[in-house]
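Colleague: Below you'll find the structure I mean.
The values are calculated or read from the model by the stated rules, or taken from the named source; none is laboratory data. From a predicted model like this one, the values you see are computed outputs, not experimental measurements. Every residue, glycine among them, receives a Cβ derived from its backbone with ideal geometry; neighbour counts consider all protein chains shown. Calculation scope for accessible area: heavy atoms of the full protein, side chains included, ligands and nucleic acids excluded. Shrake-Rupley method; radii C 1.70, N 1.55, O 1.52, S 1.80 Å.
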Amino acid sequence: QKHELDFPILSRMARDFLAIPASSVSVERLFSAAGLLTTRERSSLSADTIRECMCTKMWIRQGL
């Protein structure tokens, strides 16, 4: 803000860039749940299997 008048374009770019959140709670929650699913005993699960398990769990919780 100190040099906002000196660099108006850069200041607008900085405001736009800095307005983006560093992380999303929903993404962090997803990674946390996936981490609980992929234990040492399940370390050989494929990405497709992990995705299917995560979807199935979500569907069961939603009553589908």
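Colleague: How large a share of the accessible area of the chain, in percent, is made up of carbon and sulfur atoms when the probe is 1.4 Å and the other protein chains stay in place?
Modeller: Ligands and nucleic acids excluded, carbon and sulfur reach 62 percent.
Colleague: Follow-up question, since we're still on this one. Taking the Cα centre of the chain as origin, sum charge times position over the Cβ atoms of Lys and Arg (+1) and Asp and Glu (-1), and report the length of that vector in debye to the nearest 20.
Modeller: 220 debye
Colleague: Another question about this same structure. Output the 0 to 90 degree angle, nearest 10, between the alpha-carbon long axis of helix 47-61 and the longest principal axis computed from the alpha carbons of the chain.
Modeller: 80 degrees
Colleague: Before rounding to the nearest 500, sum -39500 (n - 2.57) across all DSSP H runs of length at least 4 in the chain and divide by the residue total; then give [θ] at 222 nm in deg cm²/dmol.
Modeller: The helix contribution divided over the chain gives -19500 deg cm²/dmol.
Colleague: Say we join alpha carbon atoms closer than 10 Å with springs in a Gaussian network model of the chain; which of 30, 45, 18 then has the biggest fluctuation?
Modeller: Comparing 30, 45, 18 in the GNM, the peak value goes to 18.
Colleague: In Å, what is the Rg of the alpha-carbon atoms in the chain, and how long is Dmax?
Modeller: 20.5, 59
Colleague: Additional query: Measure nothing but the geometry: give the 0 to 90° angle between the long axis through the Cα atoms of 8-18 and the longest principal axis through the Cα atoms of the chain, rounded to 10°.
Modeller: That helix lies at roughly 20 degrees to the long axis.
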